[in-house]
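Enquirer: The structure follows.
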Amino acid sequence: MKTYKISIWLLVSLIAFMLAMPASSGAKVYKLGLSLAITGPTSDAGNPYAKGVEDYFRYVNDMKLLGNDTIDCTIRDDKYETAITKRNFEEYLDMGIVFYLNYSTGSTLGLKRDFEEVKMPVIPASFHAGNLEDSNYIFLPIASYSAQAIGLAEYVVKNHKGKTPKVALFVHPSAFGRGPVEDVQKAVAAGLGMEIVEVVEHGKDLDNTAMLQRLKSKDVQYVISQTVQSPVAVMLKDASRLGLVAKTFGEKGKITFMGCHYTGGNDLVALAGDAAENYYWTTSYIITSEPGVGTDAQLALAKRYGRDDKFANSHNYANGVMVAQVAAEAIKRAKTRGKEITKEVLYEELLAMNGMNAFYPVTTVGPVTFSKDDHQGVDTLQLYAVENGQFKSVGMPFIPEYTGKIK
Amino acid sequence: MSYFFQLVVSGIVVGSIYALSALGFVLIYKSSRVLNLAHGQIIATGAFISYGLTVWANVPIYISFLLSMIITFFLAMSVEKIFLRRLIGEPIISVIMVTIGLMSIIDGLIYLTPFGSENFSFPPFLPQQPITYAGVSISYTQLMGVIITFVLIGVFSWFFKKSTVGISMRAVSDDQLASMSIGVSVPRVFGLAWATAGLSAAAAGSVIGNITGLNFDTLHAFGIIVFPVVILGGLDSLLGAVVAGIIMGLIQQFASGYLDGNWGLYGTAQVLPYILLLVLLLLKPHGLFGTHEIERV
C-alpha cells in the first residue's frame, strides 16, 4: 500500500513538473501587467483597449515573433479606481513584471512616485502631459492631450476668417479633462492668435441649451472638447436642435465643434447620429474608415481572435494594440542585442527608440520616438472630420508648433 | 427674450426628466420608508431592455418601451420578493444596506453584458427637426420625455388617491401594524411599490437613453443625480418630486445661462441646486411637500 502511495505521488509530481516546464527548453516567459477600467467609468474605452493589448500579445506568442519566448501579460480590471490600480500594480511587482501598462490619468499621476521608486517603464492610456513632469519612467504612446488641443487650436487660427477667433474649451471635470487647459492658455499667451472665452467643465448634463446659448451670446465660434464621447454627443445634439452647428469649418454665426482623442471615433457617430456631421477630431491613430496597411492589419488581428466589428473598428482597440506593439518591440530589440530582459533593459530600449531606431507601428500616423528628453511617442497628429457618418482625414499629418514654444 | 424662454423650456424639460427619474424613489419610500439606492441600476436596466427589444428583437420602438416597463415591473417585483420581503419588520437601515448590495449585484450582472462597457444608441424614431416657435425650440425626444412624465405622474397620483390598492399602500406607509390589523397585505403592498417603481424607472431609462445615448455609467448615475430632487420634494410626495424636479431643472438652466462664465463664476449649474437644497432643508426639514410626522410620546 505504501509503495502504491509513493508511486502516485511520483506520478503527480512528474505531471506537475512537465506542466510547469516551458514548451521548449530555454524558452523564457516575460511577465507584463496591465491595469485598466474594464468596468466602471470610461470602460467604453478601456474594454476595447484591453482587447487590443490581449490580442496583440497573443499574436506575438502565436506567430513566435520572439522565437520560443513568450509574453505573459496579466490584465486586471481596476474600475477606474486608483486604489485598485495601486493594489494591482503591487501584485504585478510581486509577480516579477518587467514592463507595466497603466490606464487612467488619475492613477498614473497617483502612482508616479511608485514607478520612480521601482524604476518600472510604464506606458499609460492617459496622454496627459503632466504625467511626464518629474517622471523618468512614464512614456506617453502618442501626442499628449495638450498637443492635441493645441493642434486643434492652431488649425482654428490658421483657417479662421475674420477677427480673432473666440474659442471655448469643454472639458471633463477631472485631471484628465483639465490636463490641456493650462497648456492651451500658455500657447495663447505665447502668441497663438485666439481668445479663450470660457473653460466649461461639464456634468452629467441632460441638456446643454443654456451653455450653448451663453457661448453663442459671447460670439464663440469654436468649441474644443477634452472629455469622452457621451457628453460631446449630448452637446452636439443640443447644438443641432438649436441650429448652432457649423455646416462648414468656421461658418460665421455658428459653432464648429472639435475634440481630442477620447471624444471621437465610431461611438461618437453612433451616439450623436447626424449631429456629429462636421465634427473635427484629432488623434495620432489611423482609423479604419481611412483604410491602409495599418488598419488592414488591425482588422485582421481582430478577426483572427474573434472580435466583433465594433471592437475591430474602435480607435481604442488600435490604441491597445499599439502600446502592446511598443512593449513587444522593446523586448524584441533587447533580445536581438543578446540582453537579458529586465525592466532596466527595457527602459534603456525605449530611450534608444529614436532616429534610425524609431519604431513604425503602422497603426499610427507617425513613428514612435522616445529619448531621454522626449517621452512622448508619436508626435504627429491627424485631423479627421465626420462626413456622411464617417471620420475622414482632413489634410496631412502635422506636429503642433506651439507645443515646442511653451516648453 | 427668447433666450429667457428657451432657458425656461429647457429647465422644464430637464426638470420633468428628473421628476420621472425620482418617481421610483418616491414610490418605494411612500409605501415602505425605504430608500432604494439601486434605483439608478434599475433605470439602466429598463433602458437596456428597451434597447434590446427594439434593436435585437426588432420590436417596434413604442411597443418595446411599453414592454420594457412591463418587464421591469415584474423584475422589480421579483427583486423585492427574493431579497427584501424577508426583511419586513427589520430595521430600515438593514433594508437600505440590502439595496446597496443589490446595486453591486445588478452592476455585476450588467457588466457581464455588452451594455456594461459599450455605448449604444436608440435608432431615431421621432422627427429629427425640433419644434421651434418664436425662437424657442424643443426636440421631439424632449417633448416625449415631458409628456411621459406628466402622464405617469397623473396616473400614479390617481392611483394613490382613488384606487383601493393605492390607499392600502399609503396606509402601510403610515403604519404597517395597523394596516395588517385591518387586512391589508403588507408584503403585497411592498411588492407593488417596487414593481411600480420599476415601471417608472424603465420609462425614465428609455427617455434618458434617447437623449444621452445608452451608457451604463451615465444612466445609473441618475439614481444619485436626482437625489436632491427627491429630498427637496419631500421623499414621499409625488407632487413634490415634480415641483422639485422642475425647480432644479430651472435653477440649473438659469445658473448656466446667466451666472456661469460671468463674474468669474463657473460650475454654478452643478452647485446651486445643492446650496438651495441645504437652505430649504434648514427652513423645511421635511422638504417642500414631505409628510411632517408628529410622534406623541
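Since every read-out is calculated from the coordinates, none of them should be taken as a lab result. Source: prediction; values computed, not measured. Glycine also receives a Cβ, built like all others from the backbone with ideal geometry; neighbour counts cover every protein chain displayed.
Enquirer: How far apart, in nm, are two points set 7 Å out from the Cα along the Cα-to-Cβ line at A:Gln185 and at A:Glu116?
Expert: Rounded to a tenth, the inter-label distance reads 2.4 nm.
Enquirer: Let me understand region B:1-125 better: what is its radius of gyration from the alpha carbons, and its Dmax, in angstrom?
Expert: For region B:1-125, the Cα-based Rg and Dmax read 17.3, 57 Å.
Enquirer: From Cα pairs below 8 angstrom and at least 6 apart in sequence, can you work out the relative contact order of chain A, rounded to a whole percent?
Expert: This gives 17 percent for chain A.
Enquirer: At 37 °C and 0.692 mPa s, what whole-number value in µm²/s does Stokes-Einstein give for the translational diffusion of region B:179-219, with Rh from the Kirkwood sum over Cα pairs?
Expert: In µm²/s, the coefficient rounds to 270.
Enquirer: How big is chain A by the Kirkwood estimate over distinct Cα pairs, in Å?
Expert: Kirkwood hydrodynamic radius for chain A: 22.3 Å.
Enquirer: Using unit Cβ charges (K, R positive; D, E negative) and no other charged atoms, how large, in debye to the nearest 20, is the dipole of the protein assembly as shown about its Cα centre?
Expert: Computed about the Cα centre, the dipole is about 800 debye.
Enquirer: Additional query: Of A:Asn61, A:Asn313, A:Asn159, which is the most mobile in a GNM of chain A whose springs link Cα atoms less than 10 angstrom apart?
Expert: A:Asn159
Enquirer: Could you tell me which trypsin sites (Lys or Arg not before Pro) in region A:19-100 are loop residues by DSSP with no more than 11 other beta carbons within 10 angstrom of their beta carbon?
Expert: Sites meeting the loop and neighbour criteria: A:Lys64.
Enquirer: Residues of A:212-222, mean number of Cβ from any other protein chain within 10 Å of their own Cβ, rounded to a whole number?
Expert: 3
Enquirer: Moving on to the next point. Roughly how many nanometres apart are two label points built 7 Å out from the Cα toward the Cβ at A:Ala83 and A:Lys392?
Expert: The modelled label-to-label distance comes out at 5.0 nm.
Enquirer: Dipole of region B:13-223, Cα-centred, from +1 at each Lys and Arg C-beta and -1 at each Asp and Glu C-beta, to the nearest 20 debye?
Expert: 560
Enquirer: Scan chain A and report its longest stretch carrying no GluC sites (Glu not before Pro) that are both in a DSSP loop and have at most 10 other Cβ atoms within 10 Å.
Expert: A:134-339
Enquirer: Relative to the compact globular guide of 2.2 N^0.38 Å, what is the alpha carbon radius of gyration of region B:13-223, as a ratio?
Expert: 1.05
Enquirer: Of the options B:Ala221, B:Phe65, B:Phe122, report the single residue whose Cα projects farthest towards the positive end of the charge dipole of region B:13-223 (beta-carbon charges: Lys, Arg +1; Asp, Glu -1).
Expert: It is B:Phe65.
Enquirer: Of B:Met103, A:Met356, A:Met396, A:Met322, how do they rank once you tally other Cβ atoms within 10 Å and put the fewest first?
Expert: A:Met356, A:Met396, B:Met103, A:Met322
Enquirer: Quick check on my link table: of A:Lys332/A:Lys405; A:Lys204/A:Lys247; A:Lys158/A:Lys186; A:Lys158/A:Lys407; A:Lys237/B:Lys284, which ones sit more than 29 Å apart, alpha carbon to alpha carbon?
Expert: Violating the 29 Å limit, Cα to Cα: A:Lys332/A:Lys405; A:Lys237/B:Lys284.
Enquirer: Quick one: compute the contact order of region B:124-175, relative version, from alpha carbon pairs under 8 angstrom and 6+ residues apart, as a percent.
Expert: That works out to 17 percent.
Enquirer: Then there is this: Given a Förster distance of 51 Å, report the FRET efficiency between A:Lys405 and A:Glu90 from their Cβ-Cβ distance, rounded to the nearest 0.05.
Expert: 0.80
Enquirer: Output the direction-averaged projected area (hull surface divided by four) of the convex hull of the alpha-carbon atoms of region A:74-197, in nm².
Expert: So the mean shadow area of the Cα hull is 8.5 nm².
Enquirer: What ³J(HN,Hα) values, in whole Hz, does the Karplus curve 6.51 cos²θ - 1.76 cosθ + 1.60 give for region B:274-287 when θ = phi - 60°, with x put for Gly and Pro?
Expert: Whole-Hz 3J(HN,Hα) from phi for region B:274-287: 6, 5, 4, 4, 4, 5, 5, 5, 5, 7, 10, x, 9, x.
Enquirer: Multiplying the sequence separation of B:Val165 and B:Leu177 by 0.36 nm and subtracting their Cα-Cα distance, what value in nm do you get?
Expert: 2.6 nm
Enquirer: Mind checking which lysines have their C-alpha under 20 Å from A:Lys112, skipping anything on the same chain fewer than 8 residues away?
Expert: Cα-Cα hits under 20 Å: A:Lys79, A:Lys86, A:Lys343, A:Lys372.
Enquirer: How do A:Thr336, A:Thr85, B:Thr268, A:Thr209 rank when sorted from fewest to most other Cβ atoms within 10 Å of their own Cβ?
Expert: A:Thr336, B:Thr268, A:Thr85, A:Thr209
Enquirer: Another question about this same structure. Put +1 on the Cβ of every Lys and Arg and -1 on every Asp and Glu Cβ in the protein assembly as shown; which of B:Ala22, B:Ala76, A:Cys73 then has its Cα farthest towards the positive end of the dipole?
Expert: About the Cα centre, the residue reaching furthest to the positive side is B:Ala76.
Enquirer: Could you rank the peptides B:246-257, B:168-179 by their average count of other C-beta atoms within 10 Å per residue, with the highest value first?
Expert: With the highest mean Cβ count within 10 Å placed first, the list reads B:246-257, B:168-179.
Enquirer: Can I ask one more? Using a ≥ b ≥ c from the Cα gyration tensor of region B:188-297 (square roots of the eigenvalues), is it rounded, prolate or oblate, where a/c under 1.5 gives rounded and otherwise the larger of a/b and b/c decides, a/b for prolate?
Expert: It is oblate, given that a/c is not under 1.5 and a/b is not larger than b/c.
Enquirer: Quick check: the angle from helix A:43-62's long axis to the longest principal axis of chain A, C-alpha only, nearest 10 degrees?
Expert: 40
Enquirer: What percent do you get for the relative contact order of region B:13-223 when only Cα pairs under 8 Å and 6+ apart count?
Expert: 46
Enquirer: Separate question: Can you tell me what the convex hull of the Cα atoms of the protein assembly as shown projects to on average, as an area in nm²?
Expert: Across all orientations, the protein assembly as shown yields a mean hull projection of 39.1 nm².
Enquirer: What percent of all Cα-Cα pairs in region B:138-230 falls into each 5 Å bin, going from 0 up to the bin containing the maximum distance?
Expert: 3, 12, 17, 19, 17, 13, 10, 6, 3, 1, 0
Enquirer: Neighbouring Cβ atoms within 10 Å as the yardstick, rank B:Val136, A:Val234 fewest first.
Expert: Ascending Cβ contact count within 10 Å gives the list B:Val136, A:Val234.
Enquirer: Also, quick follow-up: Between the alpha-carbon centers of region A:105-141 and region A:220-247, tell me the distance in whole angstrom.
Expert: Each part's Cα centre sits 32 Å from the other's.
Enquirer: Can you tell which of A:Ala147, A:Tyr280, A:Gln298 lies farthest toward the positive end of the dipole of chain A, using +1 and -1 charges on the Cβ of basic and acidic side chains (Lys, Arg; Asp, Glu)?
Expert: Of the candidates, A:Gln298 comes out farthest on the positive side.
Enquirer: In the Gaussian network model of chain B, springs joining C-alpha atoms below 10 Å, which of B:Ala57, B:Ala19, B:Ala269 carries the largest mean-square fluctuation?
Expert: B:Ala57
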